[in-house]
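The values are calculated or read from the model by the stated rules, or taken from the named source; none is laboratory data. Keep in mind the model is a prediction, meaning the values are calculated, not measured. Methodologically, a virtual Cβ is constructed for each residue, glycine included, from the backbone with ideal geometry; neighbour enumeration extends over all protein chains shown. We work out accessible area using only protein heavy atoms, side chains counted, and drop any ligands, DNA or RNA first. Shrake-Rupley method; radii C 1.70, N 1.55, O 1.52, S 1.80 Å.
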Amino acid sequence: MIKISHILGTAIAAVTLVFTFSVTSKADTKPAAIDPVTVYQSRDDGSGFLNGKSYGALSPRVIQLKHQAKTSDNGKLLMTFEQVITNNAGKTGHPVFPIYESDDSGAHWNQVGQVAETNNKGWGKLNCPQLYELPQTIGDMTKGTIVVAGDATPNDRSATDLELDKSTDGGKTWTYESTIAKAGGNFLNGDPVWEPYLMVYDNKLVCYYSDERDSSGLPAKSQAIVHQTTTDGKTWSPIVFNANPTKLTNKDQRPGMPIVTQMSNGEWVMTYEQFGGGSSGAKFSKDPLNFDQSDPGPAITSGGAPYITTLNNGELAFNNNGNGGKVFIFKDKDSLLKGTGSSDATFKSQTGQAYNRQLLPLANGMLLIANGGQTWDKNNAIKVETLDVGDTTQQGKVVVHYVDENGKQIKPDDTTTVGTIGTKYDVTDKTKSSITGYQLKGVTQGQNNLAGNFGADPIEITVTYTTSNSGSGSTVTPPASSSSSSSSSSAVTSSSSSSTEASSSSNVTESSSSTTTPEASTTKKVTPFKIIAKKALYRYNSTTFSKANRIKGYAKKSITKAPVFKVVGTAKSANGALRYQLSDGSYVTAKAGYTVKLYLTKNVKALKVINAKGTWTYKTTKATKKNAVKHLKKGTIVKTKKIVKSGSTTKYQLTNGYYITGSRQYVKAQF
């Protein structure tokens, strides 16, 4: 649809996760489809809507929470939209972005908050709100923080600030975070910026938007699609062009309304308005930060306001302001390139077509449609409905760890608590298990999450025990300098300093070669062994390596502080890449250079102590306090006689007959 003067009603939807841990179990049943529900009804009080707008609400955007520290909030839906106030209300007030919540997959809604303008006195929040839940920490915004990007303007629309606000309490209260871009009047030919879309990629928060500011030498109303990134939420990079009207080969003077999602082949697609809404096109790239600004890509269908999203099963769902409100399903890129006339499946919605209509795949396998009506509908209603388009459910799990007071695993992790994201779990009874030889101390991590709702990230609970024969209730251990290198058998066994999230693009390199193709092989069990991360890497939910399947990132660290993982199996991805399966069921790359075995495996002439804490020599291969002989400081070099395998570890017998650990985190080979 061609944009109408004085009307901007678009915001970009949040595609927060694709290809997540999403398998439909036999026990799973989808809920019934929700018939259209009215969330908000606009009303003209007789004075007309502010600035002559012909509508009172537009462009709804909905997200489903999946990364909440307060796990009972996982699964909730949050909605915002452009809410236009009347002229009477505008005499003393300013518009806001209202926040509505649903805890039953969209059947019922309540307003829980609002985003008001606080950075510019006398301004309001006018249009283009884009909600997003951070899947990882960005600057001072922790994982699970909810952000909204949208235009702030004075009531006369004489200027535009594209701003970022954040909420840490589930959308109830909001604070200003930063200004992404400053621009001119918030109307066509006013040099505005609008239509933002948010996502995290390569440890950066990315904001795509339509930019009308620099149209020198171009016809009136020309605009570009650009993006900016931030690593701290405060400072934004210079703009990068994604579609540039001065370079587009088809001379499209008004590309706009960008939506970006990752396809099942690992590539990224951006759908956008071509020719000001004359058609809906698509651009493709292996790097979402590097779309060819001069390539218009093919047209998918006629009409504007396109919206595309990736379903839990990897297929694509698409609609735009045309085609009678239908929803089109495409199995892959090749199918999408054929356009809406050759879609793999077509579904008709009850709410009908609308300007800037959103599609949101829910964790329960249903597709939610958020409809705000057309720009010419005076008293618009914001409505939602759900459709069953054949999608799968999205699963989460709870992991209970059983350890002694030194963090050593004393019982296999319990990973049996699995369910659809947003549904309830309770592992209270699992944290009261009896273990022979140990006394229960209590839950030492995750006490507040013993019951809650499944999320996209594994919910970690740690239960600690003491040895029952210690008298004082504490465990007798050998000197800490060597015990930490050989005792723990959990998936990540190094000190807490090694479990920091990877924080910059230079730190994380594994994801650049990852794939998002379906699973292609089964896991082969191996005799367990431990590995150290030599480079920055991620743990993943499956052999399918994609941004959405990441569990946690690990920054590159010195070998003495690097994270340690226990390998229990190997598997291959669909394209043949070798993976290690860890003891908690997750996967890391087995690509050469990324990891190395924790213990040295060859005979050497001497060893050099490299750990700042030093290490100990022992009378036997058993590293116990009773057997400890001498503490060796960092830098000490000792001569060796032979290597000895001790269980899953290696020790070296020294020329004096004593033994020392073969852990690479404590010693270095001297050939």
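So which trypsin sites (Lys or Arg not before Pro) in the range 201-309 pass both tests, a DSSP loop state and at most 10 other Cβ atoms within 10 Å of the Cβ?
Here the trypsin sites (Lys or Arg not before Pro) that fit, given the DSSP loop and packing criteria, are 286.
Using a probe radius of 1.4 Å on heavy atoms only, what accessible surface per residue do you get for the chain? Whole Å² is fine.
38
Quick one: net charge around residue 408, please, counting Lys, Arg +1 and Asp, Glu -1 for every other residue with C-beta under 14 Å from its C-beta.
The answer is +1.
Given R₀ = 45 Å, FRET efficiency for residue 525-residue 249 by Cβ-Cβ distance, to 0.05?
Efficiency for this residue pair is about 0.25.
DSSP loop (so not H, G, I, E, B), at most 11 other Cβ within 10 Å: list which trypsin sites (Lys or Arg not before Pro) in the range 82-187 pass both filters.
Of the trypsin sites (Lys or Arg not before Pro), the ones in loops of the range 82-187 whose Cβ has at most 11 other Cβ atoms within 10 Å are 91, 121.
Averaging sequence separations of C-alpha pairs under 8 Å and six or more residues apart, then dividing by the length of the range 211-337, give the relative contact order as a whole percent.
Once normalised by length, the contact order is 18 percent.
Charges at C-beta only: +1 for Lys and Arg, -1 for Asp and Glu. How large is the resulting dipole of the chain about its Cα centre, in Debye rounded to 20?
So the magnitude is around 5000 debye.
Taking the Cα atoms of the range 106-253, report the difference between the largest and smallest coordinate on each principal axis, in whole Å and largest first.
Result for the range 106-253: principal-axis Cα extents of 47, 38, 34 Å.
What does the net charge come to around residue 582 if you take all other residues with beta carbon closer than 12 Å to its beta carbon, with K and R at +1 and D and E at -1?
Computed value for this residue: +3.
Over 26 Å, how big is the tail of the calculated P(r) for the range 304-428, in percent of all Cα pairs?
Within the range 304-428, distances greater than 26 Å cover 40 percent of Cα pairs.
Given a 1.4 angstrom probe, I'd like the percentage of the accessible area of the chain that is carbon and sulfur, rounded to a whole number.
49
What whole-number distance in Å separates the alpha-carbon centres of the range 337-413 and the range 132-170?
22
Hey, what's the Cα Rg ratio for the range 233-370 versus the globular rule of thumb, 2.2 N^0.38 Å?
Rounded to two decimals, the normalised Rg is 1.04.
Would you kindly derive the ³J(HN,Hα) couplings of the range 597-612 from the backbone phi angles with the Karplus curve 6.51 cos²θ - 1.76 cosθ + 1.60 (θ = phi - 60°), listing them in order in whole Hz, with x for Gly and Pro?
Residue by residue, the range 597-612 yields 4, 4, 9, 4, 10, 10, 5, 9, 7, 7, 10, 10, 6, 10, 7, 4 Hz.
Within 10 Å of each candidate Cβ there may be at most 16 other Cβ atoms; applying that plus a DSSP loop requirement, which chymotrypsin sites (Phe, Trp or Tyr not before Pro) in the range 151-199 survive?
Nothing satisfies the criteria.
Output ³J(HN,Hα) for the range 634-651: one whole-Hz value per residue in order, computed from phi by the Karplus curve 6.51 cos²θ - 1.76 cosθ + 1.60 with θ = phi - 60°, and x for Gly and Pro.
Karplus values, whole Hz, x for Gly and Pro: 4, x, 5, 10, 10, 8, 10, 9, 6, 8, 10, 7, 10, x, 8, 10, 10, 10.
How much length would be gained if the chain were fully extended between residue 337 and residue 426, taking 0.36 nm per residue of separation minus their Cα-Cα distance, in nm to one decimal?
That works out to 27.5 nm of additional length.
Under 5 Å between amide H atoms, partner at least 5 residues away or on a different chain: which partners does residue 246 have, H built in plane at 1.01 Å?
none
Amide H of residue 136: which non-local residues (sequence gap of 5 or more, or other chain) have their own amide H closer than 5 Å, using H built in the peptide plane?
Result for residue 136 returns 144.
For residue 284, what accessible surface area do you get with a 1.4 Å probe? Give it in Å², rounded to 10.
50
Under the √(5λ) rule applied to the eigenvalues of the Cα gyration tensor, what semi-axes describe the equivalent ellipsoid of the range 30-158? Give them in Å, descending.
Equivalent-ellipsoid dimensions as semi-axes: 28, 20, 10 Å.
Sort 373-385, 312-324, 622-634 by packing, meaning the average of other beta carbons within 10 Å per residue, with the highest value first.
Per-residue Cβ counts within 10 Å, averaged per peptide and sorted highest first, yield 312-324, 373-385, 622-634.
Reachable lysines from residue 70, Cα under 19 Å, same-chain residues fewer than 8 places away excluded?
Cross-link targets: 143, 166, 172, 397, 424, 552.
Residue farthest toward the positive end of the dipole of the range 551-651, with Cβ of Lys/Arg at +1 and Asp/Glu at -1: which of 587, 607, 558?
607
Which distance in nm do the two modelled labels at residue 620 and residue 644 give, with both placed 7 Å along the Cα-to-Cβ direction?
0.9
Going by Cα centres, the range 535-579 and the range 188-211 are how many Å apart?
If you average the Cα positions of each part, the centres end up 31 Å apart.
Once you have the alpha carbon radius of gyration of the range 199-287, what is it after dividing by 2.2 N^0.38 Å, with N set to its residue count?
After normalising by residue count via 2.2 N^0.38 Å, the value is 1.13.
Contour minus end-to-end for residue 574 and residue 612, with contour as 0.36 nm per residue of separation and end-to-end as the Cα-Cα distance?
9.5 nm
So what's the Cα pair-distance distribution over the range 210-255, bin width 10 Å, in %?
Going from the shortest bin to the longest, the percentages are 28, 46, 20, 7.
Output the peptides 595-606, 46-57 sorted from most to least packed, where packing is the average of other Cβ atoms within 10 Å over each peptide's residues.
So the peptides 595-606, 46-57, ranked by packing, come out 46-57, 595-606.
Can you divide the C-alpha Rg of the range 579-658 by 2.2 N^0.38 Å and report the result to two decimal places?
1.31
Could you give log10 I(q)/I(0) at q = 0.05, 0.07, 0.11 Å⁻¹ for the chain, computed by the Debye formula over C-alpha point scatterers of equal weight, without solvent?
-0.28, -0.51, -1.06
Subtract the Cα-Cα distance of residue 38 and residue 176 from 0.36 nm times their separation in residues, and report this length gain in nm to one decimal.
Working it through step by step, the gained length comes to 46.7 nm.
Report the relative contact order of the chain, percent, no decimals, based on alpha-carbon pairs under 8 angstrom and at least 6 residues apart.
Relative contact order here is 11 percent.
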